[in-house]
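The values are calculated or read from the model by the stated rules, or taken from the named source; none is laboratory data. Just so it is clear, the structure is predicted and the values come from calculations on it, not from any experiment. Note that we place each Cβ from the backbone using ideal geometry, even for glycine, and neighbour counts take in every protein chain shown. For accessibility, only protein heavy atoms count, side chains too; no ligands or nucleic acids. Shrake-Rupley method; radii C 1.70, N 1.55, O 1.52, S 1.80 Å.
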Amino acid sequence: IPGMLNNAKVWQRVVPHLGDQADIRVADVCAASSIADMRDQAWAALADVPAQAPLVLAGFSMGGYVALDMLAHPARPVQALALISTSGRVETPETLVHREKTMSAIQADFDRTVQNLLKWNTHQDKPDQIEEVRQLMLDVGAQTALRQLRAVMGRSDHRQHMPHWSLPVSVLCGEHDQVLPPVHSQELAQAFPNSQLHLLPDCGHMLPIEQSATLALQLSSLMNSIQSST
């Protein structure tokens, strides 16, 4: 499940590393106006998957919020979960003010706002990665960004459920993530009873682009773990 100002292309560096290990579906949540709508669209993308097939959800950033909402409103069992550069927290008065400022900036000058966001989203000064992220955000567009910000602002709090979700959970975060710093991932890993935390060096927020091979390796390991237990 992609993050804010992302689409399926955010996974394009990861998917080739997984080969034919899984039937990979990338949820298209760009038209949704709430996390609940994104959840329903993600479940709809899995409607034709056989009930006996093991299911692994992987949510990046905003997609992590969607994945947690899918667990809270299950359409079918989930065997494992990967939470990537995301958080279990909800909005505070301070973060809501920040969101409102970002929305105003997007409405005033979207291209300039994207340019300003780049320094927060990536860690290493790699022109190809920076340009990939910039183009990804521009392709998604201002109106989708505004819808997603409003959706994130209204997301549900699932922290009370996490200790009761016993499925294997892999929590991944870049050590230099400035958007959702590692403390968010540390809290997630502590909340789930069967979790593993992976902090990736030399990586910022855009983990699927900055550390695609490492992310694919961790996803592959997660899938192997549930296959060996069945």
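Only one of ARG155, ARG150, ARG134 is outside any helix (DSSP H, G or I) and under 19 Å from the mean Cα position of the chain (by Cα); which?
ARG155
Residues that are under 19 Å from LEU149 (Cα atoms) and of a type in the set (Val, Ile, Thr) were ranked within the range 54-100; the one that is farthest from the chain's Cα centre (by Cα) is VAL97. In this entry, GLN196 passes the filter for residues that are over 22 Å from VAL29 (Cβ atoms), of a type outside the set (Ser, Thr, Tyr) and open to solvent by 20 Å² or more (accessible area, probe 1.4 Å).
Right, ASP125: exposed (fewer than 13 other Cβ atoms within 10 Å of the Cβ), closer than 29 Å to HIS198 by Cβ and either of a type in the set (D, E, K, R) or without any contact (Cβ under 8 Å) to a residue 40 or more places away in the chain (or both) or not?
Numbers: exposed (fewer than 13 other Cβ atoms within 10 Å of the Cβ): yes; closer than 29 Å to HIS198 by Cβ: yes; either of a type in the set (D, E, K, R) or without any contact (Cβ under 8 Å) to a residue 40 or more places away in the chain (or both): yes.
The answer is yes for ASP125.
Can you pull out the residues in the range 149-168 that are closer than 13 Å to SER87 by Cα and open to solvent by 50 Å² or more (accessible area, probe 1.4 Å)? Scanning the range 149-168 gives SER156, ASP157, ARG159.
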